[in-house]
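**Student:** Following this message is one structure expressed as structure tokens.
Read-outs throughout are calculated quantities, based only on the coordinates presented, and are distinct from any laboratory measurement. As the structure is a prediction and not an experimental result, all values here were calculated from the model. Cβ: placed from backbone, ideal geometry, glycine included. Neighbour counts: every protein chain shown.
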Amino acid sequence: MGSNIEGSIVRIPILGFGISSHVQQLGFGLHCATGWPSLLATRCQRLSHIGGILNGIGGVIFGPAVVLLSSTWFPAHERTSATGLMSAMSYFGMAASYMIGPTFVTPSKYASWKTNNTADVLLERIRVTNEIKNYLYFDFAVELLLFLSMIFIFPSNPPKPPSRSSCLSLAMKRNFMVALKDLLQNGNIWLLGMSAFFNFGMSGPWLSQLPVLLSDKSLSQDELSKLGTWTIISSCVLGASVSRASDMFQGKLKIFLLCFMTIACSLFMRILYIIEIAIDFNKYDLILLIMVGFSASCATSPLFYEFAAEIAYPVSEVIVAGFIMTLTNLANVIIYFYISKTPNTALQFMSYGLVFNNLMGTFLMIMVEEQYNRLIHDDPNI
């Protein structure tokens, strides 16, 4: 491939990261504006919501850019490792937020703001408000630093030329609508996408309701908080490790996916038994089951993206990743909407839904035809 093609395609994911970082930086800036002790703050409370929306948009851009970056900047035997490592770092950022937040904002000594001692309450409100404001300033500074590093530090070209498959894909100059039509007409990618839909659809909502689901299992709020943090951290480590292992054994993505989906499903069945049936249990066994089960489930995320890119090739990785992300986000939206409309009924059946969804995801994964349309261009021996 000519150097002009290579030089242009390797900058595309950098543009995606730059846009993502800039949009998120604007989002944090608007959050900070709502913390200013001035008339502006009282008139601009909606800026906080706009900032949250911009952060979400930045995250959507970031996801597909990760897959495209790993494809255009890394050789075939490092692509999944790169995707896994970047995905793991996003999980690590969430875990860090659980630890950094409490260092900036300490809990109020009042269980409620409604008390007779109005002077003390006023001082406490000012203290908490200032701590939240400082936390927002810290977030804004970090995001601004990342944004500037994307502009001035991050190289515009990889140290090694892109893989042959990426050059071929970009050289085709496929129209977006044509590529999207080809993707949507691919039955195999729909099987994989629906497998991801079920596999990740209930995991996030179930974890978000953890304090409610385990309210009668003798676990303190501190233990639940630590459980959430260490579950995310273990997901980071396992996800990066599994991605590296899949690169060492190329052409085995479906096997890796089935293995970890089966492990997760088995552990979720055990969790369901403890929560809904068991009378006597060891709470540390439950903690370990949740950590390992959700780590095994989250570890499949980069594998889904890479497997989808292999099946859908030569469709761009950005379109493929966006398709998978749309399905998984749609699943989360459906579950959260159901919880908001029928909270009591939904919470009663969430643990059953967790097992059912993962069984469905595993079943659909078995039906997926193993194809490596991209890898065969880089390694004909596959």
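**Student:** Run the dipole for the stretch 203-270 about the Cα centre, Lys and Arg Cβ at +1, Asp and Glu Cβ at -1, nothing else charged, and hand back the magnitude in debye, nearest 20.
**Tutor:** So the magnitude is around 300 debye.
**Student:** Would you mind listing how long the stretch 171-223 runs along its three principal axes, going by Cα atoms, in whole Å with the largest first?
**Tutor:** 58, 21, 14
**Student:** Among 284-290, 126-132, 198-204, 352-358, how do they line up by average Cβ neighbours within 10 Å per residue, starting with the highest?
**Tutor:** 198-204, 352-358, 284-290, 126-132
**Student:** How big is the dipole moment of the stretch 176-302 about its Cα centre under a simple scheme where the beta carbon of each Lys and Arg is +1, that of each Asp and Glu is -1, and everything else is neutral? Debye, nearest 20, please.
**Tutor:** So the magnitude is around 380 debye.
**Student:** What distance in nm separates the simple spin-label points at His77 and Met248, each placed 7 Å from Cα in the Cβ direction?
**Tutor:** 1.3 nm
**Student:** Among 272-278, 81-87, what's the highest-first ranking by average C-beta atoms within 10 angstrom per residue?
**Tutor:** In decreasing order of mean packing, 272-278, 81-87 become 81-87, 272-278.
**Student:** Let me ask something additional. Pick out, from Tyr338, Ile274, Tyr305, the residue whose Cα sits farthest towards the positive end of the charge dipole of the stretch 224-361, with +1 on the Cβ of Lys and Arg and -1 on the Cβ of Asp and Glu.
**Tutor:** After comparing all options, I get Ile274.
**Student:** How much length is gained on full extension from Lys217 to Ile151, taking 0.36 nm per residue of separation minus their Cα-Cα distance?
**Tutor:** Length difference between fully extended and current span is 18.8 nm.
**Student:** Next up: Based on the Cα gyration tensor of the stretch 211-270, what are the three equivalent ellipsoid semi-axes, each the root of five times an eigenvalue, rounded to whole Å and given largest first?
**Tutor:** 31, 15, 5
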